[in-house]
Amino acid sequence: MEYRVPAVRMQNISKTFGSIVANDHAELTVYRGEILALLGENGSGKTTLMNMLAGIYYPDEGQIFIDGEEAVIASPHDAYKYGIGMIHQHFKLVDVLSAAENVALGLKEKGRLNLKKVAERITELCDQYGFELDPWEKIYNMSVSEKQTVEIIKVLYRGADILILDEPTAVLTPQETEKLFTVLRNMRSDDKAIIIITHKMNEVEELSDRVAVLRKGAYVGDMLTKDTNAEEMSGMLVGHPVELSIERPDPVDPKPRIVVEGLTVRNEEGLLKLDDVSFTANTGEILGIAGISGSGQKELLEAIAGLQPVEKGSIRYIRDDGTEDELTLKDPLTIQKMGVSLSFVPEDRLGMGLVGSMDITENMMLRSYRRGNSLFLDQKNPHKLAAEVVKDLSVNTPNLETPVRRLSGGNVQKVLVGREIASAPTVLLTAYAVRGLDINSSYMIYELINRQKAAGVAVVYVGEDLDVLLELSDRILVLCDGRVSGILPGRGADKKEVGLMMTRIRKEAADEE
């Protein structure tokens with residue numbers, strides 16, 4: 001068999017941050033003309049490993065070889081010299097500039113920079129790989145998918161032929177995901193080496209040629225994607241067999257708990273974020289909220305939680321005896337004093353949910369707890385509750401006294417979700433509850449959410465994985481540009497139809513105006 005020289009070979013790579021070992025003699029190999037999926041639990045070191053390949057971190061030990069030659073990559077500039085480009089999950093673009101201007105930023109070319117030539121080259125790259133992009137459009141006018149395209153074009157323009165994509169489909173619709181996959185396959189055909197970091201097993205199976213797995217910072221092994229399946233890959237991630245299934249029992253005697261009518265909300269800049277939104281969240285039911293990023297999901301949950309000013313409309317809480325309480329314009333403390341038991345897992349984990357400088361136990365003390373039908377019992381002692389959350393949700397932390405800002409994003413999320421569920425709510429609002437979590441931890445959270453549903457809690461679930469949303473939710477409310485484009489049953493919902501509803505108000509709704 002002919003030996004192929006790998007485009008990238010990382011050998012015995014180790015990296016520590018204080019007492020935390022991020023990578024422990026890790027290995028990784030990727031060839032040209034292949035798409036490699038890099039998998040690992042939260043804190044397994046996959047992003048750290050890729051950050052070393054991209055020049056953001058420098059390894060404590062180990063070697064990196066590019067096309068068979070040892071490379072020293074001490075900065076992103078060095079990475080570009082070796083043809084390596086990383087597309088991060090959170091884009092690094094200047095909103096007031098055009099696509100061409102963003103691509104041109106930082107370029108060092110002789111003479112005066114010719115933006116027209118930059119735009120022409122962008123168009124050539126788009127034609128070559130199948131992108132759709134107007135080089136002159138401002139970033140602030142672009143969809144999430146178009147912004148991601150600009151980030152990919154930026155690295156291709158600089159000559160990258162080894163690409164790293166971190167959670168590339170996290171905020172894309174199904175249609176946008178299909179387009180991205182077509183582009184990545186075209187790049188693979190052009191002999192580029194592509195590494196994707198993802199938690200979505202269905203995408204791994206659909207897109208990748210090979211899978212590499214990290215566990216606790218160390219390399220576990222790799223396999224051809226065609227020779228494995230989601231259950232086997234998940235088992236490699238955690239070191240034991242894993243069953244991947246989301247139960248969806250029928251709601252038992254659902255009754256209105258939260259009634260939202262005509263809700264209109266503007267943000268601090270005065271931009272309309274929610275426009276005449278109406279729906280009901282029932283007891284013992286999971287109401288999924290679908291929509292592309294920025295469609296008003298954040299403002300909707302924050303308005304219900306008392307954290308977002310409301311311009312028009314009402315939010316009513318229906319008690320078990322049928323009496324109603326108006327929550328509109330009430331702050332969280334007032335809502336709590338009214339005896340409304342409401343828990344909120346916000347999108348901004350450390351900005352709004354937890355205090356980064358405080359340890360796990362101290363963050364548990366930020367709420368009052370009542371004994372309830374949840375995974376966590378006897379919550380009188382915050383230290384005991386913290387220990388139970390760490391144990392039951394497998395939070396990877398040196399100890400309970402570790403400030404939460406030192407935990408990985410996934411472990412911070414576990415602490416936040418565990419704390420909120422432990423408060424025995426009657427309404428649970430979750431914004432991206434499994435964002436950044438590995439597949440095993442995600443299914444753990446799905447199980448906890450289903451337990452809340454079984455206990456009669458009204459759950460409002462905002463998620464970015466449409467497959468999960470369709471599998472978990474009893475009903476799905478679709479938002480598009482702050483308006484409701486439809487509410488449909490979770491069972492039997494068509495993924496592509498939901499994707500279309502996320503990107504346009506259906507004609508029937510427009511005709512009613």
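The values are calculated or read from the model by the stated rules, or taken from the named source; none is laboratory data. Just so it is clear, the structure is predicted and the values come from calculations on it, not from any experiment. Methodologically, a virtual Cβ is constructed for each residue, glycine included, from the backbone with ideal geometry; neighbour enumeration extends over all protein chains shown.
Please give the number of the condition LEU301 fails out of (1) in a loop (DSSP other than H, G, I, E, B); (2) at pLDDT 85 or above; (3) not hydroxyl-bearing (Ser, Thr, Tyr).
(1)
Looking at VAL457, VAL462, which one is in contact with a Phe, Trp or Tyr (Cβ under 7 Å, 6 or more places away or on another chain), touching a residue at least 24 places away in the same chain (Cβ under 8 Å) and either over 27 Å from SER145 (Cβ atoms) or assigned by TED's automatic domain parsing to the domain that holds VAL265 (or both)?
Of VAL457, VAL462, the one residue that is in contact with a Phe, Trp or Tyr (Cβ under 7 Å, 6 or more places away or on another chain), touching a residue at least 24 places away in the same chain (Cβ under 8 Å) and either over 27 Å from SER145 (Cβ atoms) or assigned by TED's automatic domain parsing to the domain that holds VAL265 (or both) is VAL462.
One line per residue, one yes/no per condition, for (1) without any contact (Cβ under 8 Å) to a residue 60 or more places away in the chain; (2) within 24 Å of VAL478 (Cα to Cα):
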position	(1), (2)
VAL144	no, yes
TYR157	yes, no
LEU163	no, no
ASP166	no, no
LEU180	yes, yes
SER189	no, no
ALA193	no, no
THR198	no, no
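Kindly indicate which of GLY235, GLY270, GLY262 is assigned to a loop (DSSP other than H, G, I, E, B) and either in the same structural domain as ASP320 (by TED's automatic domain parsing) or more than 25 Å from GLY490 (Cα to Cα) (or both).
None of the other options fit; the residue is GLY270.
Could you please find all residues in the stretch 62-95 being within 29 Å of the chain's Cα centre (by Cα), touching a residue at least 60 places away in the same chain (Cβ under 8 Å) and either surrounded by fewer than 16 Cβ atoms within 10 Å (Cβ to Cβ) or not in a strand (DSSP E or B) (or both)?
TYR80, GLY83, HIS88, GLN89, PHE91
Is it true that some residue in the stretch 139-162 is farther than 19 Å from ILE194 by Cβ, in contact with a Phe, Trp or Tyr (Cβ under 7 Å, 6 or more places away or on another chain) and at pLDDT below 95?
Scanning the stretch 139-162 turns up at least one residue that is farther than 19 Å from ILE194 by Cβ, in contact with a Phe, Trp or Tyr (Cβ under 7 Å, 6 or more places away or on another chain) and at pLDDT below 95.
Please report, ordered by residue number, the helices (runs of 4 or more DSSP H) entirely within the stretch 102-210 with at least 2 residues that are surrounded by 15 or more Cβ atoms within 10 Å (Cβ to Cβ) and within 25 Å of the chain's Cα centre (by Cα).
144-157, 174-189, 201-207
Going residue by residue through the stretch 255-266, is there one that turns out to be within 25 Å of the chain's Cα centre (by Cα) and surrounded by 15 or more Cβ atoms within 10 Å (Cβ to Cβ)?
Yes, the stretch 255-266 has at least one match.
State whether the residues of the stretch 28-47 include one that is of a type in the set (Ser, Thr, Tyr), under 30 Å from THR397 (Cα atoms) and touching a Pro at 6+ places or on another chain (Cβ under 8 Å).
Within the stretch 28-47, one or more residues are of a type in the set (Ser, Thr, Tyr), under 30 Å from THR397 (Cα atoms) and touching a Pro at 6+ places or on another chain (Cβ under 8 Å).
When the stretch 455-489 is examined, which residues are found to be within 28 Å of ILE421 (Cβ to Cβ), of a type in the set (Gly, Ala, Ser) and modelled with pLDDT of 90 or more?
ALA455, GLY456, ALA458, SER473, listed by residue number.
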